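In what follows, a single structure is set out as structure tokens and then discussed.
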Amino acid sequence: MPKWAKTVLYLVIAAVLTRLIPFSSLFRNLNTMIHEFGHAIVALATSGRVAGINLNANHSGVTYVTTFSTWSSILVSLAGYLSASLFAVLLFYGYYKRQQKQGLILMTAVALIMLILYVHDGFGVIWLIGFIALNALMYFVWEPARNFYYMLLCFLTLEESIFSSLYLAWLSITSPRSAGDAALLAQETFVPAIGWSILFVAFSLLCANWAIRLFVKTHETRSSGRGSGSGTRRSKSKVRA
């Protein structure tokens with residue numbers, strides 16, 4: 001099977017399975033959190049200001065920033081979708097390196113920073129407190145349960161990074177002025193909203209390919225490790241005999 005087809009197959013299976021898990025919709029706000037956090041970090045890195053962030057129950061979000069140049073505004077608008085896609089790859093890399101605990105710490109740290117500095121009312125406050133508490137609990141539970149929870153977050157974040165960019169592309173065609181970051185980028189440049197949306201979709205698919213390859217490589221490596229280990233034990237038994 002071609003690599004791109006394998007990636008699509010994994011994503012379709014994951015999208016179906018994760019929607020069967022109770023309350024999985026709530027965890028999809030992780031993608032929104034990272035998206036808005038990306039806007040905020042780049043705004044601060046380019047000498048801008050962040051007034052606040054809203055996280056909404058429908059998985060949307062708004063980051064209120066002040067920028068002082070066109071280039072800064074462009075970078076801030078780019079940061080949301082790109083950050084979310086890259087973060088999904090980072091989570092899968094953590095799974096590959098067996099650093100699930102470190103991954104939970106990272107997600108919790110981002111949530112805590114947003115709660116303290118930027119999200120001060122509405123649904124976002126409740127969601128962040130619940131997410132922080134659940135992560136703290138899962139950090140100490142039985143390892144297989146923690147790994148399952150971590151993988152759920154990995155795939156949900158990956159799916160949302162793709163589907164949110166696809167939805168943005170749809171809005172860029174049907175209602176360009178409502179196309180969020182793509183519409184803002186269109187105002188700052190000569191590239192229409194659909195052009196920026198296609199860029200976000202392409203980047204999310206590229207990151208999905210990286211993430212799925214890490215996932216497959218992880219299981220191939222661990223399967224071969226178990227096989228070689230059992231072979232070694234059989235060889236030793238023959239020597240002892």
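The values are calculated or read from the model by the stated rules, or taken from the named source; none is laboratory data. Note that the structure is predicted; figures quoted are calculated from it, not measured. All Cβ positions, glycine included, derive from the backbone under ideal geometry; neighbour counts span all protein chains shown. With ligands, DNA and RNA removed, areas are computed over all heavy atoms of the protein, side chains included. Shrake-Rupley method; radii C 1.70, N 1.55, O 1.52, S 1.80 Å.
In the chain, helices alone account for a calculated mean residue ellipticity at 222 nm of -27000 deg cm²/dmol, with every DSSP H run of four or more residues adding -39,500 (n - 2.57). Candidate membrane-span-like segments in the chain, meaning DSSP H helices with Cα atoms spread over at least 20 Å of their own axis and a Kyte-Doolittle mean of 1.6 or above, are 100-117, 123-140, with no membrane implied. Normalised by the number of residues in the range 1-151, the mean separation of alpha-carbon contacts (under 8 Å, six or more apart) gives a relative contact order of 22 percent.
Using a simple spin-label model with pseudo-atoms 7 Å out from Cα toward Cβ, residue 49 and residue 173 lie 4.1 nm apart. For the chain, a simple Cβ point-charge model (Lys and Arg +1, Asp and Glu -1, everything else neutral) yields a dipole of about 1780 debye relative to the Cα centre. In this structure, the amide hydrogen of residue 65, modeled 1.01 Å from its nitrogen in the peptide plane, lies closer than 5 angstrom to those of 51, counting only residues at least 5 positions away or on a different chain.
With kT/(6 pi eta Rh) evaluated at 25 °C and eta = 0.890 mPa s, and Rh the Kirkwood radius from Cα pairs, the range 1-107 diffuses with a coefficient of 156 µm²/s according to Stokes-Einstein. Distance from the alpha carbon centroid of the range 148-222 to that of the range 44-91 works out to 14 angstrom.
Once backbone amide H atoms are built at 1.01 Å from N, residue 120 has 53 as its partners under 5 Å, excluding neighbours fewer than 5 places away on the same chain. Put a dot 7 Å past the Cα of residue 219, heading toward its Cβ, do the same for residue 133, and the two dots end up 3.4 nm apart.
Using a 1.4 angstrom probe on the protein heavy atoms only, could you order 76, 16 from most to least accessible area?
Numbers: 76 10, 16 85 Å².
Putting 76, 16 in descending order of accessible area: 16, 76.
Among the chymotrypsin sites (Phe, Trp or Tyr not before Pro) in the range 116-195, those placed in a DSSP loop whose Cβ has at most 13 other Cβ atoms within 10 Å are 142, 190. Extension gain, residue 143 to residue 16, is 43.3 nm, computed as 0.36 nm per intervening residue step minus the present C-alpha separation.
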